[in-house]
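Contents: one structure, followed by commentary.
The values are calculated or read from the model by the stated rules, or taken from the named source; none is laboratory data. Nothing here was measured: the structure is a model prediction, and the numbers come from that model. Backbone-built Cβ (ideal geometry, glycine too); neighbour counts: all protein chains shown. With ligands, DNA and RNA removed, areas are computed over all heavy atoms of the protein, side chains included. Shrake-Rupley method; radii C 1.70, N 1.55, O 1.52, S 1.80 Å.
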Amino acid sequence: MGDGSLTRPAFLILLALSDRPRHGLGIVEEVDTRTDGAEKLGPGSLYGTLKRLATDGLVRETDEAPDPTDDDPRRRYYRLTETGRDALRAEAAHLRTLVEVAVGKHVLEAEA
Amino acid sequence: MSRGEGRAPRLLRALSRILLRLYPRGFRQGRAADYREAVEHRWRLERERGGGAGWRAARVLLVDAFTAAPELRRDEAARFGVRRSGGTMIEGTWQDVRIGLRSLARRPAFTALVVLTLGAGIGAHAGLYGVLDRFMLRPLPFEGGERMGFVTLLFPETGGMGSPTQELLERWREGATTLEGIEVYRQGTALRPVPDGPPERLSRLEVSPGLAAFLGVEAVVGRTLGPDDARPGAPPTVLVGEAYWTRELGRDPGVVGRTLTLNDTTVTVAGVWPAWATLDFDDAPDLMVVIPEGAEADPSRLTLMITRLAPGVDPERADAELAALMEGVEFESLRRRSPHVAMPNEFLAPAFVTGLWVAWVGVLLLLGVAVVNATSLLLNRAVTRGEEIGVRLALGSSGARLVRLFLVEGGLLALVGAGAGLALARWGGAALAAMAPGRFPDLTDAVWNGRVVLAALAAALVATVICGLVPATHLRSPAVRHLLTGSGASRRRRGVPLGAALVTAQVALALVLAVGAGLGFRSLRALATVDPGFDVERLAILAVSLPSARYATDEERIAFWARATDELRSIPGVEGVTTSGVPPFSFSIFPGEPVVVGEDPPPPLDEFTSQASAAEDYFEVMGIPILEGRGEPAGPVEPGENVGEMVVNRAFAERYPGSVVGREVEFPGMPGTTPIVGVVENVRAHGLDDGRQRAQYYMLDSGPAGSYERFIVRTAGDPASVLAAARERITGIDPLLVPASATTGPELVRGQTADRRFLATLLGIFGSIALLVASLGVYGAVALAVNRRRRETGVRVALGAGTGRVVRHVLGLGFRPVAVGLVVGGILTRVLAPYLRAALYEVGPADPVSYAAAVALLGAAGLAACLIPARRALRVDPVRTLRSE
C-alpha cells in the first residue's frame, strides 16, 4: 500500500464500504455475497487489513447509527474516508483499463 | 444479520482454536472474540451454499492462518521496533538454523562433545542395523527376493540335509503350484594351472541352466549362461565372478571370449557374474558353470535348491505340497526326509540370531544413554544461556518459537552427529568385519545402503525431538523463567531434579550394557575352557579330493592314500596320522539309538546318536582315551574292506550292567548286528557348546579308499606349522592336487567361539562407550550443580566448614542420582537379562559376579566424576563469591 496499489483484501473491503458503513462481519458478508463466494475474507485478513487501512487513513471507525437490524451495539463500524474513496476509484479505473486490454487482445469477450 | 441456524461443528471450532495460536499475541489478545465470531459467521455463510460447508470454511481459516497471520506478525514486530526478517514459518526456521549454527560455533568444545556423544550412539545404531539388515531383514537381492527361499530335504528329527534325485526335482518343478520355479546350484572347486607353482584352487558354482533367468540377473560384461550352454555337445563355457575378475584380471572387458584351463579342460569365458548377486551368505564364487541338462540332481553331493514362493503363499503350504508330490517316487535314500522351504535367515545359528537381537537392544540402550546425555548437556547449557533466553522471552518470543529454536539446535547437532556416526560405523564396521565370525562376509558394504542411512536419520530424529523438546519445555515453566531472568540466587528449583533424573537414566542404561558385557565375557571364558574330550590343540586337519578323471579305480585311489599317509607321517613334528569321514566337532547324526542285543533297552540318552568312522590310530591321534577293549581291528585289514566292528562311548556303555565289550549291538529298523570291541571316553561331538550327553559310536574303518578323505594329523608342536609342509607333500605326490581344506584344531575352536566372541566384544564396546558417556554426564551435572551453588558453598566455607564437609556435601549431591541409577539399572537388567539366555554359556542371566563388577565399575566412575568438581568447590574463595553476588 505504500507504493499506491491496493492489495486484494484492501480493495474488497473498500469496495464493500463504498455504499455505506459496515461492521467487520458485514464487510465479509457483502464481499461473499457480491462475488458469489469467489472472494472470501478470513478474520486475520479482514482485521489486519482494516487496521492498515485505518492507519493509512483510507477508512475510519464511525459512531454513525448502526444498522437498525443489528442487535449488537458493541460492534465496531467502519466507513470509507475521502482518501479511501479516491484510492478505490483509482484502483477500479486501473482494473478497468486492464480489462479493456484483455478484451482488445481477445482474452476476454466484450460484454454485450 | 445472522442467517442460518446452529453453531459451527466441533471439529471446525477445534481447528480454529489451534489455528488461532498461529496469530501474533496482540491479535490473540485483542481479537480472540472477533475471531471466534468470524468462524461462526463463515460457517453460516458456507452452510447456505450447500454441502461441504465444513471443508470450505476450514479452507478459508487455513489460508488465512498461513497468509494473513505472518503479515500480522510482521506488523506487530514493526510496531515494537524489532526487526524480523521473514514471517513465514520456513523463513523463521531458516533464521533459527543460522542462529543455531552461530551459537554452536561459538562453543566448539561443547558442540564437539555433544556431536561425539550422539555420534557414538547413532553410529552404533546404524552399524548394527546394517548387520541386522544384511543377515536378518533384507531378503535375497533379487526380484521377488522377499519370497525367495531354499528347498531343503531334512531328516525331521535332526535337521540334517539331503539332496533330491532328478526324478523328484522334475516332479516338483512340474507339479508345484505354490512355487515359481526351482533352480539348483552346487558348490565345488576347480584347479587352474599356474606356472611355477601348485595349481590355483578356485571356488566354482555349478548352476542349473535356468538360474540366471530365474534370478533376473544380467552379466556385468558379456552374457550369463543359459539352456543353450547345457545342451549336449555345447562348447564348454564359464562365467567369471566379479570379485575374481577385479582381483585377478584387472576388470578387463576383453575377458569375454578368453579361454581358461580348468581341471584339464579348456573353457571359454562367456561373461562376468555380478558381485551383488550372491545366493547365500558365502562369498561370491570365482567361477560359474552350467550343469548339463538332466544332471542337475546329484544325490552324492549337496545340491542346493533355490525357489520363490508364489505370491501370498506361506512356506507351510509349500512344504505340504512338496511332500504330497513326493508320494510314490522311488528314492530310497530320501525315505525319511521331508521337504521344507527355508527362508534365508533360518540358516543362521540360533546363538548368533539371539546375539544379534541382543546387540540391537544393547545399541538402543547406548543410543538412549547418548541422547539422554546430550539432552542433559543441552539443558545445562540452556540454563547458562539464561540471559539470552530471558531476553527472547521478554521480547514476546512465543513458547512455540522457543521450542522451534531448541528443536533446530538439537536437530543440527543430531544431524552432524548422525554424519559422524555413519563415518564411525563405516570405520567400525571394517574393524568388526575383521573380527566377525569367519563365515560372514565383509560388513562394510552393509553400512552404506539407503536403509542404514535412514536408520541413522531416524535415530537422529528421535534424538532431535528429545534433545530439543526437553530443555525447551523445561525452560518455559514460570518458575524457571524467573530463574533465568532473576538474580541467579541459589534456591530450590525444578532444574535440579530434572538434571538428576537424566543422570539416573544414563547410569541405569549404562549398567544394563555393562552387565550384558560382563555376562558375554564370562560366557566366552567358560566356553574357552571347556574340555572337548580330545586333544584339539595339536591337531591339523586336511581334506583331499581325488578327481575321478585321474583316479578312476579303487587301486589308484588306495595307492594314493597310502602314499599320502606315509608322506604325512614323515613330516618332522608329526606324531601320528589317521583318517575319518567327519572332522572333529562335526560328527554325523542318526535318529534313534543302537541297543545291546539281549538286554532290555535302557531309556535313550537322546533322540539321536552321534557317529564317526575311525581308521587306524584314530583314537591315538585324536587323544581320546580308550577305557576298555581296543580301538583298532584285531588283525590286518585291506583298505576298502568292511571291518564290521564298532567302538562306543562311556555314556552308552554305562547304562548296561557289566561290560559291553564283546556284546552285539543292533540298530533299530536295520538288519544284522555289530560287535562292540572297545569303549572310549565321551567327546564333544557337535561343538564346544554341545553339552548334551549322547550315545556316540565309531565304525572301525579299514583305511581311506574313496575319492574324498579327511586326514587328521597329530603334531608335537603348533599344528599350523605343519600345514604348509602337509600341502607340499600332497602336491608332491600329484602336482595337480591341492588339499580342499586345511585347518587346525585351535582354528576350529576359534570358529566355535566366534559367535560369542563377536557378541561379547560388541557388548564390551558398547558398555565401555556407555560408561564413558555416562561418566561425562555425571561430571557435567555435578559441575553445573557446584557452579550454581557457589554462593552457598562460599557461605559454608566462610562459616567455617572444613574441606571434608564441603567435599562430602558435593559428593552426596552428585552421587545420589548415580546410586539411584545403579538400583534402577539393576532392576532393568534383571528384567532384560533372561532374553540373553540363548547366547550365554554356563553363565546364568542373574550371574552375581557380572552384576557386582558392573556396579562397582560404574559406581567408581561416578564417584570419580564427582571428585573433580568437588575439588574445584574447595577452591571457591568465599569472600570473592559473596562480594560478586
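Brief remarks on what is shown
- Between 0 and 90 degrees, the angle of helix A:82-104 with respect to the longest Cα principal axis of chain A falls at about 30 degrees.
- DSSP-defined beta bridges in chain B - what % are antiparallel, rounded to 5: 80 percent
- With distances taken between every two different alpha-carbon atoms, segment B:764-867 has a Kirkwood hydrodynamic radius of 15.7 Å.
- Note on the protein assembly as shown: with charges restricted to the Cβ of Lys and Arg (+1) and Asp and Glu (-1), its dipole about the Cα centre is near 9360 debye.
- Estimated buried accessible area (total), pair B and A, 1.4 Å, Å² to nearest 100: 2000 Å²
- Residues in segment B:809-819 carry Karplus couplings, in order, of 4, 5, 4, x, 4, x, 7, 4, x, 5, 4 Hz; the curve used is 6.51 cos²θ - 1.76 cosθ + 1.60 with θ = phi - 60°, and Gly or Pro positions show x.
- Peptides ranked, highest mean first, by Cβ atoms within 10 Å: ranges B:556-569, B:46-59, B:95-108, B:201-214: B:201-214, B:556-569, B:46-59, B:95-108
- One quarter of the convex hull surface built on the alpha carbon atoms of segment B:798-845 amounts to 4.9 nm², the projected area averaged over directions.
- Per-bin percent of Cα-Cα distances, segment B:496-561 [5 Å]: 3, 11, 10, 8, 7, 7, 8, 7, 7, 6, 6, 5, 4, 3, 3, 2, 2, 0
- Between A:Leu15, A:Leu41, A:Leu98, the residue with the greatest mean-square fluctuation in the GNM of chain A (Cα pairs under 10 Å linked by springs) is A:Leu98.
- Kirkwood Rh in Å, taken over all unlike Cα pairs in segment B:1-61: 11.9 Å
- In degrees, nearest ten, helix B:720-733 long axis to first principal axis of chain B (Cα): 40 degrees
- Helix-only mean residue ellipticity at 222 nm for chain B, each DSSP H run of n ≥ 4 adding -39500 (n - 2.57), per residue, nearest 500: -17500 deg cm²/dmol
- Per-q log10 I(q)/I(0), segment B:489-631, q = 0.09, 0.11 Å⁻¹ (Debye; single scatterer per alpha-carbon; no solvent): -0.58, -0.73
- Against the criterion of solvent-accessible heavy-atom surface with a 1.4 angstrom probe, A:Lys105, A:Lys40 sort, most first, into A:Lys105, A:Lys40.
- Taking the C-alpha atoms of chain A, convex hull volume expressed per residue in Å³: 130 Å³
- Square roots of five times the Cα gyration tensor eigenvalues for segment B:657-756, Å: 33, 21, 13
- On Cα atoms only, tilt of A:8-17 relative to the major axis of chain A in degrees: 60 degrees
- Relative protection proxy for B:358-366, A:76-84, B:63-71, from highest mean packing down: B:358-366, B:63-71, A:76-84 (other beta-carbon atoms within 10 angstrom).
- Normalised contact order of chain B, rounded percent, pairs of Cα under 8 Å and 6 or more residues apart: 15 percent
- Other protein chain C-beta atoms within 10 Å of residue C-beta, averaged over A:45-51: 6.
- Label-point gap, in nm, between B:Arg7 and B:Ala562 - each point 7 angstrom along Cα→Cβ: 10.7 nm
- Probe 1.4 Å, accessible area per residue of the protein assembly as shown, Å²: 47 Å²
- Cα-derived Rg over Rh, computed across segment B:237-296 with Rh taken as Kirkwood radius: 0.98
- With Cα atoms as the point set, the radius of gyration and Dmax of the protein assembly as shown evaluate to 41.1, 133 Å.
- P(r) of segment B:604-651 over all Cα-Cα pairs, binned every 5 Å from zero, in whole percent: 4, 15, 30, 22, 17, 9, 3, 0
- For peptide B:34-41, the mean count of partner chain Cβ atoms within 10 Å of a residue's Cβ comes to 5.
- Solvent-accessible area, 1.4 Å probe, carbon plus sulfur percent, for segment B:1-68: 56 percent
- Distant alpha-carbon pairs in chain B (separation over 38 angstrom), percent: 61 percent
- Each Cα pair under 8 Å and six or more residues apart adds its separation to the average, and for segment A:1-56 the resulting relative contact order is 35 percent.
- Carbon + sulfur, % of accessible area of segment B:668-725 - ligands and nucleic acids excluded, 1.4 Å: 52 percent
- Debye equation applied to the C-alpha atoms of segment B:602-691, log10 I(q)/I(0) at 0.22 Å⁻¹: -1.35
- A simple spin-label model places pseudo-atoms 7 Å from Cα toward Cβ; at B:Ala526 and B:Leu863 they are separated by 2.9 nm.
- The B:Glu654 and B:Arg550 beta-carbon pair, evaluated with R₀ = 45 Å, returns a calculated FRET efficiency of approximately 0.40.
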